[in-house]
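Please treat every number below as a calculation from the coordinates, not as lab data. The model shown is predicted, which means the values in this text are computed figures rather than measured ones. When we count neighbours, we look across all protein chains shown, and the Cβ atoms used for this are built from the backbone with ideal geometry, even at glycine.
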């Protein structure tokens with residue numbers, strides 16, 4: 001498993017004793033290679049740079065591209081709240097979602113640029129967990145007052161639950177540390193928000 005390999009790499013970097021060729025730069029460090037590659041013994045000054053970097057895989061790229069679309073729909077939904085909702089708590093809550101997910105989209109797009117964009121593919125909304133259908137979005141846009149509040153909370157709760165499933169799946173299949181950190185943030189933040197929405201719904 002990747003995490004066991006990473007843990008081994010970290011342990012090897014920490015073991016700075018037992019060297020055959022001590023130098024003024026300090027003890028040598030054993031740096032493991034990638035699976036199938038031999039380990040190297042290097043001075044401490046070179047070890048950090050030589051430690052193998054885990055490359056993003058197809059699951060990382062798929063998750064980021066899908067989550068950008070997922071977040072964009074959340075922003076589309078939250079943009080309706082100020083003019084249609086009557087619950088002031090809901091208005092503040094929706095504003096916080098927008099304030100969080102807007103920067104998240106920028107961060108994910110920046111990661112895609114840095115990582116080279118990954119394999120090309122086209123994911124439709126119905127392949128993403130929790131996405132509202134076109135009909136549901138139309139109904140939300142047509143609603144106002146208490147009916148809008150309830151519909152928004154129901155749709156956004158399902159939307160968040162889908163995001164948590166997607167993020168949990170990524171932690172089992174991805175390889176990029178930055179993407180894993182983003183997924184962990186999604187799980188932590190959106191599980192908390194699911195609880196808040198269920199409270200507002202009276203569930």
Quiz prompt | Efficiency of FRET from Cβ geometry, residue 185 and residue 150, R₀ 35 Å, rounded to 0.05 | solution = 0.80
Practice problem: Stick to Cα atoms and the Kirkwood definition of Rh, then tell me Rg/Rh for the stretch 164-203. | Solution: 1.14
Quiz prompt | Virtual paramagnetic centre 7 Å along Cα→Cβ of residue 169, amide N under 12 Å, in the stretch 66-101 | solution = 66-67
Exercise. In whole Å, largest first, what are the principal axis extents of the Cα atoms in the stretch 124-193?
Key: 43, 27, 14
Practice problem: Please list 163-173, 190-200, 104-114 highest first by mean number of surrounding beta-carbon atoms within 10 Å per residue. | Solution: 163-173, 190-200, 104-114
Quiz prompt | residue 178/residue 142 FRET efficiency (R0 41 Å; Cβ-Cβ; nearest 0.05) | solution = 0.55
Self-check item: Among 177-186, 76-85, 58-67, the order from most to least packed when residues are scored by Cβ within 10 Å on average
Solution: 58-67, 177-186, 76-85
Quiz item: In cubic angstrom, how much convex hull volume per residue do the alpha carbon atoms of the stretch 58-201 span?
Solution: 93
